[in-house]
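Below is one structure, written out as structure tokens; comments come after it.
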Amino acid sequence: MINFIVEDRNGVQQPIEIPEGISLSLMEVLKGSDYPILATCGGMALCATCRVEVLKGLEQLPEPGDEELDILDTLPFVDESSRLSCQLRVNETLEGCLFRIPEED
Amino acid sequence: MITTDIGIIGAGPTGMFAVFEAGLLKMHCHLIDSLPQAGGQLSEIYPQKPIYDIPGYPAINAQELVDKLSEQIAPFHPGYTLGERVETLQKLDNGSWLIGTNEGTQISCKAVVIAGGLGCFEPRKPEVDRLAEFEGKGVMYAVRNPEMFRDRNIVIAGGGDSALDWTIFLANVAKKVTLVHRGDTFRGAPDAAEKVAELARTGAIDLVLKSRVVALDGAGHLEQVTITGPGGDNRNLQADNFIPLFGLSPKLGPIEDWGLNIDRSAIEVNTFDYSTNIDGIFAIGDINTYPGKLKLILCGFHEAALMAQSAFKYVYPDQRLTFKYTTVYGITELA
Ligand SMILES: Cc1cc2nc3c(=O)[nH]c(=O)nc-3n(C[C@H](O)[C@H](O)[C@H](O)COP(=O)(O)OP(=O)(O)OC[C@H]3O[C@@H](n4cnc5c(N)ncnc54)[C@H](O)[C@@H]3O)c2cc1C
Ligand code: FES
């Protein structure tokens, strides 16, 4: 099992447990858990409406790829902790991470 | 005031195709969109991506599909109000509707079709102190008329294509252009990034990297911006205009306040004809919801066809509607 924590816009934290070997992105898990993220482009790294802030575990995640950096670079208030949840695969690299859903922009 | 049979809010593929379906039934339409161009998500988010699920087209680029839709509806001479957001919707005593935009345009129509997709695309706003206070008083989120920046001090923020392109363009117009970017490299179009670097080297613009605009100041009109650098050090810059260019993000916006039944940012409809809980208002495309809804262009087209039949009966209650194939009667231009 892969365990991580999600903090919603009200600061409420909830643990999430996902079986290993499931081919989903973090965006799909967040949508499936009814978090209010739009994910307009369906995970194509085009819309940035799936952005999360990584409050814990950033260093263990894979580096963002070019497509992800292209869109992150165009956003107003992102820093190194910002990631597109559609570009993060749910696997052992997410173990113990804490993700926050930021305010809508 | 503009007068028409059907006022269509949203010029995405669904709203555009609704013009065709209504046109076949000899109804005039007027399209309104907050974006400066028609095409909705296709033109705004993914113009160069191929689409594979449009019947008859094994593959077609999103922008090409929008262009073909424009061509297809041209014989029906739709009216367009682009670059204006619909704010108000009001029922008049004579039974018609009055659509009002943020620019004061008024459209009187017999029926309203909401084809608003994900909502209005609105500029992403950075967190900057007193930003809202200076909107329209020096702060703007798009460059519409470059001439208005002649001989002024301009600060642009952003790292995407439009920030780069406008920096290059305004370098020749404004007194001084400063581009502020949170990173230290520019991704996207390499030519534009190279040109900006060259302009900075020759002193034609000021490039402030790894920095952010954090506050604005001025008496009545913007006079100064505060920029924070990598070490947290602040400095003030004289500025007549601040132009944050961080792209657009969709918001349902005013549609929420019109008394329509809404479930999770989508309008509930009757699948018989995509009518809403308010008589004379229909909702088609990505903006509606019903059991089994799929957010696909194809589904928006289908909904437009069914909507048009009922809208005809609503607009012309005394006329008889007989269903005809376009192959039988062809497309007759509307005057
Ligand atoms: C990356 C991506 C790829 C996709 N690929 C496909 C695909 O291959 N096949 C497919 O079928 N679908 C695809 N889709 C989905 C498809 O784009 C949508 O289903 C389609 O755009 C819906 O059309 P629409 O006209 O209903 O809404 P939209 O395209 O969202 O257009 C709505 C318009 O309404 C305007 N608007 C809203 N509110 C107001 C207001 N108050 N005032 C003024 N204007 C307003 C908006 O500015 C917008 O332009 C894709 C979507 C994305 C993001
Ligand atoms: S869903 Fe659009 S960028 Fe992730």
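The values are calculated or read from the model by the stated rules, or taken from the named source; none is laboratory data. For clarity, every value in this text was computed on a predicted model and none was experimentally measured. Reconstructed Cβ throughout: ideal geometry from the backbone, glycine too, with neighbour counts over all protein chains shown.
Take residue B:230 and decide whether it is surrounded by 19 or more Cβ atoms within 10 Å (Cβ to Cβ), away from ligand 2 (no atom under 16 Å from the Cβ) and within 14 Å of chain A (Cβ to nearest Cβ). Judged against the criteria, residue B:230 is not a match. Taking the criterion of being within 12 Å of chain B (Cβ to nearest Cβ) and either touching a residue at least 40 places away in the same chain (Cβ under 8 Å) or touching a Leu at 6+ places or on another chain (Cβ under 7 Å) (or both), would at least one residue in segment A:11-33 satisfy it? No, every residue in segment A:11-33 fails to be within 12 Å of chain B (Cβ to nearest Cβ) and either touching a residue at least 40 places away in the same chain (Cβ under 8 Å) or touching a Leu at 6+ places or on another chain (Cβ under 7 Å) (or both). Checking each residue in segment B:178-203 for being surrounded by fewer than 21 Cβ atoms within 10 Å (Cβ to Cβ) and more than 14 Å from every other protein chain (Cβ to nearest Cβ) picks out B:191, B:194, B:195, B:197, B:198, B:199, B:200, B:201, B:202, B:203.
Taking the criterion of being at pLDDT below 95, assigned to a loop (DSSP other than H, G, I, E, B) and within 16 Å of the chain's Cα centre (by Cα), the residues of segment B:38-60 that qualify are B:45, B:46, B:47. Condition first: away from ligand 1 (no atom under 16 Å from the Cβ), modelled with pLDDT of 95 or more and aromatic (Phe, Trp, Tyr). Can you find one or more residues in segment A:93-102 that meet it? Yes: segment A:93-102 contains one or more residues that are away from ligand 1 (no atom under 16 Å from the Cβ), modelled with pLDDT of 95 or more and aromatic (Phe, Trp, Tyr). When segment A:35-92 is limited to residues that are closer than 22 Å to residue A:22 by Cβ, touching a helix residue (DSSP H, G or I) at 6+ places or on another chain (Cβ under 8 Å) and among the β-branched types (Val, Ile, Thr), the one that is surrounded by the fewest Cβ atoms within 10 Å (Cβ to Cβ) turns out to be A:37.
For segment B:61-82, the condition holds for no residue, the condition being that it is within 11 Å of ligand 1 (Cβ to nearest atom), assigned to a loop (DSSP other than H, G, I, E, B) and of a type outside the set (Phe, Trp, Tyr). Mind checking whether some residue in segment A:28-38 is within 16 Å of ligand 1 (Cβ to nearest atom), outside any strand (DSSP E or B) and charged (D, E, K, R)? For segment A:28-38, residues within 16 Å of ligand 1 (Cβ to nearest atom), outside any strand (DSSP E or B) and charged (D, E, K, R): present.
Pairs under 9 Å by beta carbon, first residue within 14 Å of another protein chain (Cβ to nearest Cβ) in segment A:50-71, partner more than 10 Å from ligand 2 (Cβ to nearest atom) and of a type in the set (Ser, Thr, Tyr), six or more apart or different chains? From residues that are within 14 Å of another protein chain (Cβ to nearest Cβ), the pairs are A:51/A:82; A:53/A:81; A:53/A:82.
Does residue A:103 satisfy the criteria of being within 27 Å of residue B:214 (Cα to Cα) and within 14 Å of chain B (Cβ to nearest Cβ)? Yes; evaluated as a whole, the condition is true for this residue. Restricting attention to segment B:115-130, which residues are at pLDDT 90 or above, more than 9 Å from chain A (Cβ to nearest Cβ) and closer than 18 Å to residue A:75 by Cα? The one that is at pLDDT 90 or above, more than 9 Å from chain A (Cβ to nearest Cβ) and closer than 18 Å to residue A:75 by Cα: B:129.
For residues that are outside any loop (DSSP other than H, G, I, E, B) and out of contact with any Cys (no Cβ under 8 Å at 6 or more places or on another chain), scanning just segment A:73-92, find the one that is farthest from the other protein chains (Cβ to nearest Cβ). Restricting to residues being outside any loop (DSSP other than H, G, I, E, B) and out of contact with any Cys (no Cβ under 8 Å at 6 or more places or on another chain), the top hit is A:92.
If only residues of segment B:1-59 that are among the aromatic types (Phe, Trp, Tyr) and within 9 Å of ligand 1 (Cβ to nearest atom) are counted, the one that is nearest to the other protein chains (Cβ to nearest Cβ) is B:46. Could you check, for segment B:272-285, whether at least one of its residues is assigned to a helix (DSSP H, G or I) and crowded, with 22+ Cβ neighbours inside 10 Å? Among the residues of segment B:272-285, at least one is assigned to a helix (DSSP H, G or I) and crowded, with 22+ Cβ neighbours inside 10 Å, which makes the answer yes. Residue selection: residue B:255 fails the criterion of being more than 16 Å from ligand 2 (Cβ to nearest atom), surrounded by 16 or more Cβ atoms within 10 Å (Cβ to Cβ), of a type in the set (A, V, I, L, M, F, W, C) and assigned to a strand (DSSP E or B).
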